Amino acid sequence: MIRTTILGLGSYVPERIVTNDEIPFLNDQHERCDEQQTETNDAWIRTRTGIEQRHYVDNDKDVRTSDLGVEAAKAALADAGLEAKDIDCIILGTLSPDIHFPGTAVFVQSKLGIDGERGCACYDIRQQCSGFVYGLEMADAFIRTGKYEKILLIGAEVHSHSLDYSTRGRDVMVLFGDGAGAMILGKEESDDERSGVIYTSAGADGSGAMNLYLKVFDIGKRPYVWYDANDREQNEIKYPQMNGKRVFLQAVRNMVVSTNEALAKTGLTWDDIDWFVPHQANLRINEAVAEYAEIPRDKCLNSIMWYGNTTAATVPLTIDHWRREGKVKKGDLICSTVFGAGFTWGTAIFRL
Ligand code: COA
């Protein structure tokens, strides 16, 4: 029986670190100023979210989401002992694409030097913070059906260029960071139901769509993108808007249900699973999920403290972070649950 196996893992964050103390001093180009620009502070951010710092791309260079994705992909390929030309499908999740269209996966393909007339399939998926688990479900289905044999799955984001650095946008702005993570998925012949990708699920509730959104592109507008720099109200379309409390509650509820369902359907228990790696939106969300789903605290891995919310990249970034720290090892059984705009959610259980 064909099963999906994880051949490689990699991640990348830009060098620039922005601490909570620095955040109030950033202008709308995220340049450091002498004068405080925004009413926020380390204590508020740390207490409400657990975030201590995040990484941003430099604003003096033309670094795009695809560039971060390429760096993570190269690390994952090296980990797998493969070359880019071995890949026959790219799936990329992001909410910060290089441009509106074409999708960002084709830019990654080109930058990896595997474009051309016989270039591999490139998919972009738009499931925000749930992008990586949605992508894993898709990759698993492609491999099990024999459609593709070596899939490069990427989650990559450059948030720093599209945040509202004024006090108006502080609730969203302090949460996000730039980064990318990647996995190489391949096939193995095995009847062991506890090898490779064991379980995936994905769900969505469109009634929550307008609780977290960015309307910079709006098909209802003529032309689609309309912007008057002098109109402060209209400026809102440039930045993400969020109903934080609703998102928080729905995140906890759906992540608990999705995780418990995954265990019930696979027959696995927390004795079998080595690590719970939830999406990194807010440390308080993850603590609540762990409490309600009765997940042993020493099995919960977080990284939001150092990277903020990197949306589609959080799952591979967190696993790779803790692998570098020597905690996560090849062969460990991981349960990842995600929640994001849409609302969307999902759970995957896999052996690294
Ligand atoms: N710094 C300082 N004060 C801030 C602030 C900031 N960055 N952001 C908001 N505040 C203020 C608010 O204006 C409000 O002030 P007021 O009481 O004078 O009106 C106060 O802090 C409380 O705001 P509130 O929105 O009630 O805070 P909260 O406890 O709900 O925390 C979030 C806000 C955003 C941290 C929280 O709602 C959250 O994490 N939600 C989920 C977000 C998320 O996960 N998004 C990604 C989904 S994948």
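The values are calculated or read from the model by the stated rules, or taken from the named source; none is laboratory data. Keep in mind that what you see is a predicted model, and the values were worked out from it rather than measured. Heads up, the Cβs are rebuilt from the backbone with ideal geometry, glycines too, and the neighbour counts pull from every protein chain shown. Keep in mind that these areas ignore ligands, DNA and RNA; they rest on the heavy atoms of the full protein, side chains included. Shrake-Rupley method; radii C 1.70, N 1.55, O 1.52, S 1.80 Å.
Residues Arg222, Arg253, Arg351, sorted by accessible area with the largest first, give Arg222, Arg253, Arg351 [1.4 Å probe; ligands and nucleic acids excluded]. For the stretch 1-74, what does the alpha-carbon gyration tensor say about shape, rounded, prolate or oblate, given a ≥ b ≥ c as the root eigenvalues, a/c under 1.5 as rounded, and a/b over b/c as prolate? Oblate, because a/c is 1.5 or more while a/b does not exceed b/c. For the stretch 2-189, a crude dipole built from +1 on the beta carbon of Lys and Arg and -1 on the beta carbon of Asp and Glu, taken about the Cα centre, is about 660 debye to the nearest 20. Of the cross-linked pairs Lys265/Lys327; Lys74/Lys238; Lys61/Lys111; Lys299/Lys329, those separated by over 20 Å at the C-alpha level are Lys265/Lys327; Lys74/Lys238. Positive contributions from Lys and Arg (+1) and negative ones from Asp and Glu (-1), summed over other residues with Cβ under 14 Å from the Cβ of Ala209, come out at +1. Taking a quarter of the surface of the Cα convex hull of the chain gives a mean projected area of 17.8 nm². Could you state the angle between the C-alpha long axis of helix 244-266 and the longest principal axis of the C-alpha atoms of the chain, as a value from 0 to 90 degrees rounded to the nearest 10? Approximately 0 degrees, to the nearest 10.
The average projected area of the stretch 2-189, computed from the convex hull of its Cα atoms over all directions, is 11.4 nm².
Spatially, the stretch 7-25 and the stretch 106-178 are offset by 17 Å when compared through their Cα centroids. Qualifying chymotrypsin sites (Phe, Trp or Tyr not before Pro) in the stretch 171-217, where qualification requires a DSSP coil assignment and no more than 15 other C-beta atoms within 10 Å, comprise Phe217. Take the Cα of Thr269, go 7 Å toward its beta carbon, and none of the backbone nitrogen atoms of the stretch 321-352 fall under 14 Å from that spot. The spacing between the stretch 192-227 and the stretch 290-352, judged by their C-alpha centroids, is 20 Å.
Shown are Phe350, Phe107, Phe142, whose ranking by accessible area with a 1.4 Å probe and every protein chain present, most to least, is Phe107, Phe142, Phe350. Within the shell defined by Cβ-Cβ distances under 12 Å, the residues around Gly69 carry a net charge of -3, with Lys and Arg each +1 and Asp and Glu each -1. Between amide H atoms placed 1.01 Å from N, distances below 5 Å from Cys122 occur with Ile90, all of them 5 or more places distant or on a separate chain.
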